[in-house]
Amino acid sequence: MPPAALLFDLENTLFDGTFWHRQLHQMVSRWCAPISFAQFKANWQNRWLPQVYSGQLEYWAALRGLFGDLQIDGCVQAELLAAAQARLRSAQAGMRPFPGIPQALSELQRAGCRLGILSNSIFQPDEIEGLLRRIGIQVRWDYCQTSRALGHSLPTALAFQAAAQALGLTSDRLTYVSRDPNRIALAKHCRWQTCLLANPLQSQTAATPESFRCLRELANNLTSRRAA
């Protein structure tokens with residue numbers, strides 16, 4: 001049975017979530033011991049960002065903590081923070097959705113699918129909806145929940161249950177869409193349908209019932225199933 005609602009993980013699903021992190025890595029690489037982008041991103045996302053997501057730390061305080069981990073001199077830290085704040089404003093102003101995302105979401109909504117967000121974010125739900133509108137995603141969101149609003153990192157089993165209750169749907173009528181296999185595994189454990197979107201840097205020859213190259217491919221599949 002086609003899902004009645006799709007809830008999206010934001011990270012690298014609707015837009016490129018690595019762009020800012022790549023810029024930040026380039027900025028700090030000049031001032032610390034050699035570190036790969038993968039190591040840098042893992043340290044930031046595993047040690048510091050969860051505290052921002054849950055509201056325990058302000059974003060720039062977490063970034064100062066990261067600079068301390070990288071043993072960047074205190075005087076340089078102040079300069080880097082000022083530069084990072086300006087660069088982040090520029091990155092957010094230039095943010096765009098992945099190609100075809102606005103059209104695919106509109107197509108799903110016209111076909112009768114309810115749309116929602118369940119994701120880690122440094123923003124409150126209304127701020128996320130405003131950000132998505134500014135970058136050209138104009139659909140109406142039937143549900144939006146972020147880690148910042150809940151006070152802990154997402155997703156969790158309780159968050160999946162709360163989303164189902166808020167939408168008035170059983171778990172088998174809901175699909176979670178993400179590029180993260182661990183989050184997909186948790187959704188399956190909670191008896192949701194799932195859709196794992198492929199990493200855009202990796203090749204994938206064909207769609208499967210639970211895996212698609214892109215959201216456009218998922219939209220075409222679901223609208224065809226609902227029309228059948």
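Data table
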quantity: Check on Leu108, surrounded by 15 or more Cβ atoms within 10 Å (Cβ to Cβ) and part of a helix (DSSP H, G or I); calculated: yes
quantity: Number of the condition not met by Arg114 [criteria: (1) surrounded by fewer than 17 Cβ atoms within 10 Å (Cβ to Cβ); (2) more than 15 Å from the chain's Cα centre (by Cα)]; calculated: (1)
quantity: In region 137-153, the residues that are part of a strand (DSSP E or B) and among the hydrophobic types (A, V, I, L, M, F, W, C); calculated: Cys144
quantity: Cross-chain or 6+ apart pairs with Cβ under 7 Å, region 97-112 first and in the same structural domain as Asn220 (by TED's automatic domain parsing) and under 19 Å from Ile128 (Cα atoms), then part of a loop (DSSP other than H, G, I, E, B) and among the polar types (S, T, N, Q); calculated: Pro102/Gln138
quantity: Residue that is surrounded by the fewest Cβ atoms within 10 Å (Cβ to Cβ), among those in region 161-202 that are closer than 15 Å to Ser119 by Cα and either basic (Lys, Arg) or not assigned by TED's automatic domain parsing to the domain that holds Gly112 (or both); calculated: Arg179
quantity: Single residue of region 171-194 satisfying the filter (basic (Lys, Arg), assigned to a helix (DSSP H, G or I) and within 23 Å of Gln45 (Cβ to Cβ)) that is farthest from the chain's Cα centre (by Cα); calculated: Lys188
quantity: Positions within region 13-50 being loosely packed, with under 13 Cβ neighbours inside 10 Å and of a type in the set (Lys, Arg), in sequence order; calculated: Arg30
quantity: Cβ pairs under 6 Å, 6+ apart, first in region 59-85 and β-branched (Val, Ile, Thr) and part of a helix (DSSP H, G or I), second modelled with pLDDT under 95 and surrounded by 13 or more Cβ atoms within 10 Å (Cβ to Cβ); calculated: Val76/Trp31
quantity: Pair list, Cβ under 6 Å, 6 or more apart: region 12-36 residue free of Cβ contacts under 8 Å to residues at least 12 places away in the same chain, other residue surrounded by fewer than 16 Cβ atoms within 10 Å (Cβ to Cβ) and not in a loop (DSSP other than H, G, I, E, B); calculated: none
quantity: Enumeration of residues in region 126-148 that are touching a Phe, Trp or Tyr at 6+ places or on another chain (Cβ under 9 Å) and either crowded, with 16+ Cβ neighbours inside 10 Å or closer than 18 Å to Asn12 by Cβ (or both); calculated: Ile128, Glu129, Leu131, Leu132, Ile135, Ile137, Thr146, Ser147, Arg148
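The values are calculated or read from the model by the stated rules, or taken from the named source; none is laboratory data. What you see is a predicted model; the values in this text were computed from it and never measured. With ideal geometry, Cβ positions are generated from the backbone for all residues, glycine too; neighbour counts draw on all protein chains shown.
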